[in-house]
Structures are given as structure tokens and as C-alpha cells.
Amino acid sequence: APVEKEQPKEEDNKDIIAVFSGRFQPFHAGHYSIYKSLVDKFGAKNVYIASSNAQDPIKSPFPFKDKKDIMSKMFGIPSNKIVRVKNPYAPSEVLKKYDPDSTVLVVAVGQKDSSRLLGGKYYQSFNVIGCIRAFWQIFW
């Protein structure tokens, strides 16, 4: 079971942004349902999708542009909410727009990727939404 330590709340007077990170090779209906769950929980203006342009002919054949086109054209996700990042698990390209003193970051990843964030000093477990595990960042 996920650890439930002082989860961020809107009444804490902090902006809460959620970043759904992953390879998205390709983005599909399952990813979209998780995105919608994040939007329902945190609001459309506060949810971003982060993915890199890293490619591998077998595991990651789609470049970022193609992934972004699929997300925006097939699923209607606003293109300004789909961000190309160097490292999807440390989305500094999204964070640079926010004040770290007044913002809480929630990073949502698939359960198979959650071990990348567990046990570190930067993230605490937030909760589980379907097959996605979310973490909130203590500081950045």
C-alpha cells in the first residue's frame, strides 16, 4: 500500500501541478484515461504530460512530434500541456514556470516505472489512481 504522508491539499495555499511522465510508445486509450483522472483530480490547467524525444527502433520508435500529434489530434489534449523534456522523471522544463516555494509537484508514472521514484529523498508516495502511481515532490 502506498505511504500516505502529508499529501498536498489545495487549502495549503500552494499551486498543485501534476505531470504524467512516460515514453508513451504510443499514447493510447489507457494513457488517456489516466490523464483524464488526473484532470478530474487536479484540474485541466494544472496537468501536463512529459515525454522525451529519445528513440529506439524497438522500444521507442515514435519521436516526440509524433507522440504529441497523437495526443493532441486523436485525444484532444491541448498541445501546450504536452511538454518535451530531457528526463520525464525530472520534468524541469515544466517546473521552470513555477515558484518552488508556492508549488507542489505531483508526478504520475505507470506502476512499472514507480520504482524509479520510490526510496529517493525527493519524492513521497501520494496515492494510486487505477494502474498509475503518483508521487508528490518535497522540494526541487
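The values are calculated or read from the model by the stated rules, or taken from the named source; none is laboratory data. Nothing here was measured: the structure is a model prediction, and the numbers come from that model. Note: ideal-geometry Cβ built from the backbone for every residue, glycine included; neighbour counts use all protein chains shown. To get the accessible areas, we keep the full protein, side chains included, count just its heavy atoms, and leave off ligands, DNA and RNA. Shrake-Rupley method; radii C 1.70, N 1.55, O 1.52, S 1.80 Å.
Considering only the stretch 123-136, I want to know if a residue exists there that is closer than 16 Å to Asp15 by Cα, in a strand (DSSP E or B) and at pLDDT 85 or above. Checked the stretch 123-136: no residue is closer than 16 Å to Asp15 by Cα, in a strand (DSSP E or B) and at pLDDT 85 or above. Take the residues in the stretch 102-119 that are at pLDDT 80 or above and more than 15 Å from Val39 (Cβ to Cβ); name whichever of them is nearest to the chain's Cα centre (by Cα). Filtering first and then ranking leaves Val107.
Taken over the stretch 13-23, residues that are more than 21 Å from Lys45 (Cβ to Cβ) and either of a type in the set (A, V, I, L, M) or at pLDDT 95 or above (or both) amount to 0.
For the stretch 67-89, how many residues are open to solvent by less than 50 Å² (accessible area, probe 1.4 Å) and under 16 Å from Ser21 (Cβ atoms)? Quick ask: steps written out before the conclusion?
If we filter the stretch 67-89 for residues that are open to solvent by less than 50 Å² (accessible area, probe 1.4 Å), which is where we start, we get 67, 69-72, 75, 77, 81-83, 85, 88-89.
Cutting the leftovers down to under 16 Å from Ser21 (Cβ atoms) gives us 67, 71, 77, 81-83, 85, 88-89.
Residues that pass the stated criteria total 9.
The single condition from (1) open to solvent by 20 Å² or more (accessible area, probe 1.4 Å); (2) of a type outside the set (Phe, Trp, Tyr); (3) at pLDDT 95 or above that Ala50 fails is (1).
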